[in-house]
Amino acid sequence: MADGAIVVGASSGIGEALARELAADGYEVGLTARRTERLKEIGAELPTKAYVATMDVTDDDRAREAFDDLVDAMPSVDLVVISAAVGHLNRDLEWEPERETIDVNVRGFTAIATAAMTHFDDRGAGHLVGISSVAAVFGNGGAPAYNASKAFVSTYLEGLRYRQAGREGDVTITTVEPGFVDTDLAMGEFWMCSPETAARQILRAVDSGRDHVYVTRRWRLVAWLLKALPERALRRLFV
Ligand SMILES: NC(=O)c1ccc[n+]([C@@H]2O[C@H](COP(=O)([O-])OP(=O)(O)OC[C@H]3O[C@@H](n4cnc5c(N)ncnc54)[C@H](OP(=O)(O)O)[C@@H]3O)[C@@H](O)[C@H]2O)c1
């Protein structure tokens, strides 16, 4: 039986590139996001069997049902990647973009992460990958909700790893913190890599069972520096 993976947020960017890389590696892939036609087009181009499930993660009960239905439809789901997110520059603190960011990146993320962990707990094995961001390590005056939502994702996944340490079962949880990746969501161009490069590095980390990876690797230096700088210095950078 072929390995199976579900990618949440597979209709563009890093999620799409991951779906293509996974299929090239022989995985059957479950593709989910809101843009059904786009998912179907991507699925038709994959070399392995693809399963398409429309899902809006902010409609959390329905999204969890759609996730469970997708798990049931696929022969095996060994890997779940949650890539879905939105990001808005929102210096004026308008409520709608802040609300959407929290709904997708925090509530939607957790709705699917818990459904995936339930599936892995039941079968005693699996691998959950959450796409966070280097943005998780600092506050940002231009996009306060986005950076805070990524801090939630990174800390939530760390919590899942601690939970797993006290349990039986072979469940791995990997936190991915990319720098800038060339997609619609990118908020800068410094050290930018392509979604394909990001996907290849993410899958190498998955294959090695890593807890955490920066993509590309040199963003580790930026994260280290940002964690070391005092808030009065960061304030000048992220005003
Ligand atoms: N690009 C960067 O520079 C960068 C840097 C660090 C981290 N990241 C992270 O990388 C991940 C992927 O982002 P990306 O750069 O690849 O951006 P992207 O191309 O905009 O992809 C975002 C994905 O999320 C899906 N999505 C958005 N809202 C959704 C909802 N309500 N329900 C279900 N799916 C939803 C989108 O699909 P639909 O619109 O079809 O629903 C799309 O597939 C995100 O977690 C992002 O925070 C990106």
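FYI, it's all coordinate maths here, none of it is from the lab. Not measured: the values here are computed from a predicted model. With ideal geometry, Cβ positions are generated from the backbone for all residues, glycine too; neighbour counts draw on all protein chains shown.
Taken together, the residues in the range 8-50 that are in contact with a helix residue (DSSP H, G or I) (Cβ under 7 Å, 6 or more places away or on another chain), more than 7 Å from the ligand (Cβ to nearest atom) and farther than 18 Å from V77 by Cα amount to 2. From the list D68, D56, D3, which one is closer than 21 Å to D121 by Cβ and within 19 Å of the chain's Cα centre (by Cα)? Going through D68, D56, D3 in turn, just one is closer than 21 Å to D121 by Cβ and within 19 Å of the chain's Cα centre (by Cα): D68. Out of (1) more than 14 Å from the ligand (Cβ to nearest atom); (2) touching an Asp or Glu at 6+ places or on another chain (Cβ under 7 Å), what's the single condition that is false for T155? Among (1) more than 14 Å from the ligand (Cβ to nearest atom); (2) touching an Asp or Glu at 6+ places or on another chain (Cβ under 7 Å), the lone unmet condition for T155 is (2).
If you go through the range 92-124, how many residues are over 16 Å from the mean Cα position of the chain (by Cα) and within 15 Å of R161 (Cβ to Cβ)? Matching residues across the range 92-124 total 2. Candidates in the range 222-239 are the residues that are outside any helix (DSSP H, G or I) and free of Cβ contacts under 8 Å to residues at least 24 places away in the same chain; of these, the one that is surrounded by the most Cβ atoms within 10 Å (Cβ to Cβ) is L229. Taking the condition polar (S, T, N, Q), under 16 Å from the mean Cα position of the chain (by Cα) and either surrounded by 17 or more Cβ atoms within 10 Å (Cβ to Cβ) or more than 24 Å from H127 (Cβ to Cβ) (or both), does T172 pass? So T172 fits the description; yes.
Taking the range 198-212 as the range and being farther than 17 Å from V7 by Cβ and either among the β-branched types (V, I, T) or exposed (fewer than 15 other Cβ atoms within 10 Å of the Cβ) (or both) as the test, the residues that pass are S208, G209, D211. Consider the range 67-102 and keep the residues that are assigned to a helix (DSSP H, G or I) and crowded, with 20+ Cβ neighbours inside 10 Å. The one that is farthest from the ligand (Cβ to nearest atom) is V71. When you scan the range 145-163, do you find a residue that is part of a loop (DSSP other than H, G, I, E, B) and among the acidic types (D, E), even just one? No - not one qualifying residue is present in the range 145-163. Close contacts from the range 153-175, counting a first residue that is closer than 18 Å to S208 by Cβ and a second that is basic (K, R) and more than 16 Å from the ligand (Cβ to nearest atom), with Cβ to Cβ under 8 Å and a gap of 6+ residues or different chains, come to I173/R161; T174/R210.
Scan the range 1-57 for residues that are part of a strand (DSSP E or B), β-branched (V, I, T) and buried (at least 24 other Cβ atoms within 10 Å of the Cβ) and the total you get is 5.
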